[in-house]
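Structure, as structure tokens:
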Amino acid sequence: MKKKSVEELKTIANDLRKKVVTMLYEAGSGHPGGSLSATDFVTACYFSEINVDPKNPKWEDRDRFVLSKGHSCPVLYAALGTLGFFPEETLHTLRQEGSILQGHPNMDCPGIDIPTGSLGQGLACAVGMAIGLKFDKKSSRVFAVLGDGECQEGEIWEAAQTANKYKLDNLIIFVDNNNLQIDGTTDEIMPLGSLAEKFKAFGFEIYEIDGNDMEKIVSTFDAIRANADNRKPKCIIGHTIKGKGVSFMENVCDWHGVAPKKEEWEQALKDLEEAK
Ligand SMILES: Cc1ncc(C[n+]2csc(CCOP(=O)(O)OP(=O)(O)O)c2C)c(N)n1
């Protein structure tokens with residue numbers, strides 16, 4: 001895929017945010033906060049960095065993408081629909097019975113490499129994929145998006161140990177570090193300390209950035225590519241804002257898993273239009 005400029009990526013991210021709030025408004029349920037905090041990273045992945053083919057979603061040599069924090073799937077669906085993995089009109093069927101776009105992703109949806117939603121499990125799946133790709137001598141990479149609240153799950157750290165043991169330099173994880181969980185701050189629920197220090201201690205190469213800054217995300221990908229074969233898994237700690245881009249959702253925990261009503265949806269679209 002032809003690489004997009006940072007400005008083009010910012011425009012796409014804004015467009016995906018609009019699609020996310022619209023999908024959630026139409027569905028009447030879903031998770032806006034964590035979808036909007038992860039939007040810039042998902043955009044940079046799908047529209048610039050990862051090697052996938054919308055016409056051949058199961059292409060053997062594709063890069064893999066694991067949305068470990070599966071509840072944030074509206075933004076992933078918006079990206080996949082925009083790219084043509086499925087007809088874009090399908091985005092209007094989010095969470096409907098029989099739709100390929102369920103409240104948590106499953107593999108009926110073209111472009112989804114693994115079902116997720118039970119937090120803590122996705123990184124282990126990504127690690128397994130990265131081991132398999134190395135075993136098959138493929139140059140494909142595995143990208144995984146984790147929540148900071150999700151990092152309170154023990155299985156994350158078992159998977160991290162394994163990534164280190166097998167020197168998975170083909171694994172790139174992004175921690176969407178928005179400091180909020182389902183019903184409070186991550187610190188109130190279970191303090192995490194420094195995730196950068198933790199993943200470093202687990203053998204990862206660390207990049208700590210503003211995870212809503214497109215330029216930083218793109219330059220981090222450049223740095224990772226320049227340093228690809230150092231036999232270390234990579235971890236980007238992305239400091240983000242939950243609900244990013246919608247004034248009344250930003251940093252408000254109550255918007256973790258609630259859909260906007262009509263006036264709120266209209267206001268959200270207005271905010272995003274103004275942010276363009
Ligand atoms: C194993 C498991 N326990 C609990 C939940 C319920 N749950 C859904 S989202 C969420 C909070 C996740 O917080 P975080 O990972 O920080 O996600 P974000 O803030 O980015 O949405 C919880 C506890 C779940 N999906 N899976």
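Bear in mind that the values in this text are calculations on the coordinates, not laboratory data. Being a predicted model, the structure only gives us computed values, none of them experimental. Cβ placement follows ideal geometry from the backbone for every residue including glycine, while neighbour counts extend to all protein chains displayed.
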In which sequence would Ser219, Ser48 go, from the one with the fewest C-beta neighbours within 10 Å to the one with the most?
Ser219, Ser48
Scaled to the compact-protein estimate 2.2 N^0.38 Å, what is the alpha-carbon radius of gyration of the range 162-215, rounded to two decimal places?
1.31
Need the list of aspartates and glutamates near Lys234 for cross-linking: C-alpha distance under 17 angstrom, and skip anything on the same chain fewer than eight residues off.
Glu49, Asp63, Asp148, Glu158, Asp169, Asp176, Glu197, Glu205, Glu208, Asp210, Asp222
Cα→Cβ-extended label distance, 7 Å offset, between Lys200 and Lys58, nm:
4.3
With point charges of +1 on the Cβ of Lys and Arg and -1 on the Cβ of Asp and Glu, referenced to the Cα centre of the chain, which listed residue (Ser247, Ala144, Gly154) lies farthest in the positive direction of the dipole?
Ala144
Using the Karplus equation 6.51 cos²θ - 1.76 cosθ + 1.60 (θ = phi - 60°), what ³J(HN,Hα) coupling, rounded to whole Hz, does each residue of the range 101-112 give in order, writing x for Gly and Pro?
9, 7, x, 9, x, 9, 7, 5, 8, x, x, 8
Here are some pairs, Lys167/Lys242; Lys4/Lys216; Lys134/Lys216; Lys18/Lys216; which of them have Cα atoms lying more than 25 Å apart in this structure?
Lys167/Lys242; Lys134/Lys216
Could you work out Rg/(2.2 N^0.38 Å) for the range 6-274, with Rg from alpha carbons only?
0.93
Local electrostatic count at Asp254 - Lys and Arg +1, Asp and Glu -1, tallied over other residues with Cβ under 15 Å
-2
Three-way shape label, the range 1-136, alpha-carbon gyration tensor, a/c 1.5:
oblate
With the chain treated as a Gaussian network of Cα nodes joined by springs under 10 Å, which of Leu67, Leu101, Leu192 yields the largest mean-square fluctuation?
Leu192
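Do any of Lys3/Lys165; Lys3/Lys58; Lys198/Lys276; Lys69/Lys261 go past 30 Å between their Cα atoms, and which?
Correct reply: Lys3/Lys165; Lys198/Lys276.
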